[in-house]
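Right, I'll just put the structure down here and ask away after.
The values are calculated or read from the model by the stated rules, or taken from the named source; none is laboratory data. Just so it is clear, the model here is predicted, and its values are computed rather than measured. Using ideal geometry, Cβ is built from the backbone for each residue, glycine included, and neighbour counts are taken over all protein chains shown. The accessibility values were calculated without ligands, DNA or RNA, using every heavy atom of the protein model including side chains. Shrake-Rupley method; radii C 1.70, N 1.55, O 1.52, S 1.80 Å.
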Amino acid sequence: MDVSLREVHDSDLPVFYRHMNDPEALRMAAFTPKDPADRDAFDAQWARIRSSSYVLRTILADGDVVGSAAVYGEPGEREVTYWVDRAYWGRGVATAALRRLLAEVPERPLYARAAADNEGSLRVLAKCGFRVTARARGFANARGEEIDEVVLQLAG
């Protein structure tokens, strides 16, 4: 499968919105918007993100839009985030996309966070060189409760 990144196009947003409303993906991601079905809030958030200093990319698999990846935050505290359509989980798409994003953004350190039970995302981050540096607890909107979270770092 050919995995690539490109700038986000307006036509990607309905696909991202659909991905964001997959109940199983929401549960796994855990730390999501309060109401992912609120399209106005989704559109407002993406308008803010697209006008910010985020490094924001659309993930393509064999030319199809299958997710998004970004680096955001203040220098020295920047984090990576990604979302891949559940139909592509376990196929190396997230790992390939994150590797491409990391090659594009050479600054280090970079950080990531994941629900402690999100084994797939933790594997992706480990394959890309991230190491666990802390554990925390946070309120997970998608689960309606406080859960364990892992903080990871990709050092220089």
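Results for (1) of a type in the set (G, A, S); (2) more than 15 Å from the chain's Cα centre (by Cα), shown as yes or no for each residue.
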position: P14; (1), (2): no, yes
position: M20; (1), (2): no, no
position: A37; (1), (2): yes, yes
position: D43; (1), (2): no, yes
position: L56; (1), (2): no, no
position: D62; (1), (2): no, yes
position: V71; (1), (2): no, no
position: E107; (1), (2): no, yes
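Scan segment 81-89 and give yes if some residue there is touching a strand residue (DSSP E or B) at 6+ places or on another chain (Cβ under 8 Å) and aliphatic (A, V, I, L, M), otherwise no.
Taking every residue of segment 81-89 in turn, at least one turns out to be touching a strand residue (DSSP E or B) at 6+ places or on another chain (Cβ under 8 Å) and aliphatic (A, V, I, L, M).
If you don't mind, there's one more thing I want to ask. Output the qualifying pairs, or none if there are none: Cβ atoms under 8 angstrom, residues six or more apart or on different chains, first residue in segment 135-156 and farther than 21 Å from A25 by Cβ and in contact (Cβ under 8 Å) with a residue 12 or more places away in the chain, second residue among the β-branched types (V, I, T) and open to solvent by 40 Å² or more (accessible area, probe 1.4 Å).
Sorted first by the residue in segment 135-156, then by its partner, the pairs are V151/V132; V151/T133; Q153/T133.
A further question on this structure: What are the residues in segment 81-123 that are closer than 16 Å to S53 by Cα and in contact (Cβ under 8 Å) with a residue 60 or more places away in the chain, if any?
L101, E104, listed by residue number.
If you take the residues of segment 15-27 that are part of a helix (DSSP H, G or I) and open to solvent by less than 70 Å² (accessible area, probe 1.4 Å), which of them is farthest from I59 (Cα to Cα)?
Of segment 15-27, the ones part of a helix (DSSP H, G or I) are 15-20, 23-27.
Restricting the remaining residues to those that are open to solvent by less than 70 Å² (accessible area, probe 1.4 Å) gives 15-17, 19-20, 25-26.
Details: V15: 11, F16: 10, Y17: 14, H19: 12, M20: 14, A25: 16, L26: 18 Å.
Going through the qualifying residues, I end up with L26.
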